[in-house]
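Down below is the structure, laid out as structure tokens.
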Amino acid sequence: MAACEAVFGARPPLRANSAHRDILWLGPDEWLVLSQAVLDPTRFQGLHAALVDVTSSRVEIEVAGADAEDVLSKAATLDFGLLAFPVGACAQTNVARTQGIIRRTAPDRFVIYVRTSFARYLQAWLGDARA
């Protein structure tokens, strides 16, 4: 944890389905770090850790506005109400028949991290759901 804090400026969250700054909890021993920094993997040398660059594997799609919860409820089977999915929450789930990571960044704003190859499909699907 200290090495992560030294490299990324924050410790990873330890609570399931939460985010701390730009570090998202994906599993008990797995996090997604959203960073523009060029990282030196030798900073983790000697630790029981793996650092994998997945930069080009995902695209961010924003769903925002008064109807954001309703649109996402059509795409995924999670409760997106503010009490059940508060600001800072994140979850890996099926999104409109593809896999994604959904993060709530504001009361009326979500970001979906989806595989690059599914981005155009999901954008079109969400646009249709919104309409």
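FYI, it's all coordinate maths here, none of it is from the lab. A quick note: this is a predicted structure, and the numbers were derived from the prediction, not measured. Ideal geometry is used to build each Cβ from the backbone, glycine not excepted, and the neighbour counts take in all protein chains shown.
Things worth noting here:
- Mean separation of Cα pairs under 8 Å and 6 or more residues apart, divided by the residue count, gives the stretch 2-44 a relative contact order of 27 percent.
- Think of the stretch 57-130 as a dipole: +1 on every Lys or Arg Cβ, -1 on every Asp or Glu Cβ, centred on the Cα centre; then among A64, Y113, A75, Y113 lies furthest on the positive end.
- Calculated diffusion of the stretch 57-130, Stokes-Einstein form, Kirkwood radius summed over Cα pairs, 10 °C and 1.306 mPa s, µm²/s: 133
- Tail beyond 18 Å, pair distance distribution of the chain (Cα, percent): 55
- Given +1 at the Cβ of Lys and Arg, -1 at the Cβ of Asp and Glu and no other charges, the dipole of the stretch 2-44 around its Cα centre is 120 debye to the nearest 20.
- Computed from backbone phi, the HN-Hα couplings of the stretch 8-20 come to 9, x, 7, 7, x, x, 10, 8, 3, 6, 10, 10, 10 Hz, rounded to whole numbers (Karplus: 6.51 cos²θ - 1.76 cosθ + 1.60, θ = phi - 60°; Gly and Pro given as x).
- Shape call, the stretch 87-131: gyration tensor on alpha carbons, a/c limit 1.5: oblate
- Kirkwood hydrodynamic radius of the stretch 2-44, from the reciprocal of the average inverse Cα-Cα distance over all distinct pairs: 10.7 Å.
- Between the stretch 59-92 and the stretch 31-48, the alpha-carbon center distance in angstrom: 29
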